[in-house]
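**Q** Below are the structure tokens for one structure; questions will follow.
The values are calculated or read from the model by the stated rules, or taken from the named source; none is laboratory data. Remember, predicted model here, so these are calculated numbers, not experimental data. A quick note on method: Cβ atoms are made from the backbone with ideal geometry, for glycine too, and the neighbour counts reach across all protein chains shown.
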Amino acid sequence: MLNVTLLLTVIIIALALAFDFINGFHDTANAIATSVSTRVLSMRLAVLMSAVLNFAGAFMNEKVAKTIGNGLVAPGDIPQKVIIVTLISAIVWNLLTWYYGIPSSSSHALIGSLLGAAIAFKGSLYIVNWHNFFKTVVLWLFLSTIIGFLIGYLFMVIIQWIFRKTRPSVVTKIFSKAQIFSAMLMALNHGSNDAQKSMGIITMALVSGGLIQGFHVQAWVKALCALAMALGTSFGGYKIIKTMGMNMARLAPVNGFAAETGAAAVIFTASMLSAPVSTTHTISTSIMGVAASKRLSSVRWVVAKNIIWAWVLTIPICAGMSALILTITKLF
């Protein structure tokens with residue numbers, strides 16, 4: 001029995017690291033899209049910078065890991081096969097949305113898949129801690145997007161007022177440098193919030209299999225997840241960069257700085273409050289807010305509408321997918 005548990009644990013770790021790797025190149029665009037589209041950083045330099053800071057960010061804390069691995073579904077209530085199905089479902093959704101260049105949320109793909117698989121296994125909705133789900137996931141789904149939009153909008157208005165008498169060429173020169181700093185902040189906070197999700201899943205598997213007592217993220221788990229995300233980030237994702245940084249709105253360095261700094265502040269706050277937010281949602285709405293500060297027509301709302309639909313559908317589709325996969329495996 002112990003050999004079976006160890007085998008399942010190894011499979012889960014491999015799948016979780018694969019998810020983290022895919023998350024890295026799927027969500028690289030979140031941190032560097034605006035910097036690349038405004039030509040402040042080359043694609044190669046931006047990806048390298050993002051990889052290094054994603055790695056560093058993964059070690060900042062483990063609050064989000066505890067929410068994912070222990071706050072929504074108790075590890076002792078589900079067997080390891082439920083976690084395997086969760087990861088397969090989330091990986092499939094991430095690959096599909098990456099292929100079509102849709103900046104969906106890896107976080108919500110994982111959460112939706114976990115809920116669907118757990119409910120299908122138990123045959124009951126009561127296996128989910130709905131209080132935590134609504135408090136840390138649903139509430140922050142709306143808060144991160146609304147606050148991201150408002151901060152992007154207000155930050156851009158303030159910058160425009162401060163530099164209202166400055167020549168545009170001087171403003172561009174100043175923020176071409178400043179945007180490098182804001183991209184670094186974005187990458188660091190992306191690593192902090194997103195890498196923890198795989199840490200939480202692996203730790204959940206260790207507790208579920210009885211390999212550790214109590215929920216505590218091991219140092220080797222942090223190191224593996226950080227490395228997987230950094231390696232994934234190094235592959236980048238031009239399709240999503242094009243959608244985020246070029247198709248949604250026309251951006252200058254000052255716009256990129258405002259969007260990235262605002263989004264990084266929201267993500268940092270959420271991480272400190274144990275909320276697994278979507279980096280994709282936050283930076284997307286921050287870009288919309290920055291563009292809307294000039295005029296509402298500056299946002300390409302057709303592109304924005306497609307992205308919003310992906311946000312709305314991710315959790316229920318992934319929940320349904322994982323529930324279906326688990327139901328099929330029960331038949332065999």
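**Q** What number of residues within segment 208-226 are part of a helix (DSSP H, G or I) and crowded, with 18+ Cβ neighbours inside 10 Å? Reasoning before the result, please.
**A** Our first condition is that a residue be part of a helix (DSSP H, G or I); within segment 208-226, this holds for 208, 219-226.
Cutting the leftovers down to crowded, with 18+ Cβ neighbours inside 10 Å gives us 208, 221-222, 224-226.
Within segment 208-226, residues that are part of a helix (DSSP H, G or I) and crowded, with 18+ Cβ neighbours inside 10 Å number 6.
**Q** Kindly establish whether VAL138 is touching a Phe, Trp or Tyr at 6+ places or on another chain (Cβ under 8 Å), of a type outside the set (Gly, Ala, Ser) and assigned to a helix (DSSP H, G or I).
**A** Answer is no for this residue.
**Q** Quick one: in segment 144-173, of everything that is within 27 Å of PHE134 (Cβ to Cβ) and of a type in the set (S, T, N, Q), which residue is surrounded by the fewest Cβ atoms within 10 Å (Cβ to Cβ)?
**A** Taking the candidates together, the pick is THR145.
**Q** Still on this structure, I have one more. Would you pick out the residues in segment 189-207 that are surrounded by fewer than 24 Cβ atoms within 10 Å (Cβ to Cβ) and modelled with pLDDT under 90?
**A** none
**Q** Do you know which residues across segment 46-83 are under 19 Å from LEU110 (Cβ atoms), in a helix (DSSP H, G or I) and either of a type in the set (Gly, Ala, Ser) or out of contact with any Ser or Thr (no Cβ under 9 Å at 6 or more places or on another chain) (or both)?
**A** GLY57, ALA65, GLY69, GLY71
**Q** Restricting attention to segment 1-50, report how many residues are of a type in the set (Gly, Ala, Ser), modelled with pLDDT of 80 or more and either farther than 28 Å from VAL82 by Cα or crowded, with 23+ Cβ neighbours inside 10 Å (or both).
**A** 1
**Q** Select from segment 174-188 the residues that are of a type in the set (A, V, I, L, M, F, W, C) and farther than 21 Å from THR279 by Cβ and write down the one among them that is surrounded by the most Cβ atoms within 10 Å (Cβ to Cβ).
**A** Just the residues of segment 174-188 that are of a type in the set (A, V, I, L, M, F, W, C), to begin with: 174-175, 178, 180-181, 183-188.
Filter again for farther than 21 Å from THR279 by Cβ, leaving 174-175.
Numbers: ILE174: 15, PHE175: 22.
If we take residues in segment 174-188 being of a type in the set (A, V, I, L, M, F, W, C) and farther than 21 Å from THR279 by Cβ, then PHE175 is surrounded by the most Cβ atoms within 10 Å (Cβ to Cβ).
**Q** Now for a different question. Give the residues of segment 84-120 that are assigned to a loop (DSSP other than H, G, I, E, B), hydroxyl-bearing (Ser, Thr, Tyr) and either crowded, with 24+ Cβ neighbours inside 10 Å or touching a Cys at 6+ places or on another chain (Cβ under 9 Å) (or both), sorted by residue number. Walk me through it before giving the result.
**A** Filtering segment 84-120 down to residues assigned to a loop (DSSP other than H, G, I, E, B) leaves 100-105.
Within this subset, residues satisfying the condition of being hydroxyl-bearing (Ser, Thr, Tyr) are 100, 104-105.
Result: SER104, SER105.
**Q** Is it the case, given these coordinates, that GLN213 is in contact (Cβ under 8 Å) with a residue 12 or more places away in the chain and polar (S, T, N, Q)?
**A** Here the answer is no, as GLN213 does not meet what is asked.
**Q** Further question: Can you tell me how many residues within segment 231-284 are farther than 26 Å from LEU96 by Cβ, part of a loop (DSSP other than H, G, I, E, B) and at pLDDT 70 or above?
**A** Matching residues across segment 231-284 total 4.
**Q** Which residues, counting only those in segment 53-79, are surrounded by 20 or more Cβ atoms within 10 Å (Cβ to Cβ) and over 21 Å from ALA219 (Cβ atoms)?
**A** Hits for segment 53-79 are GLY71, LEU72, VAL73, ILE78.
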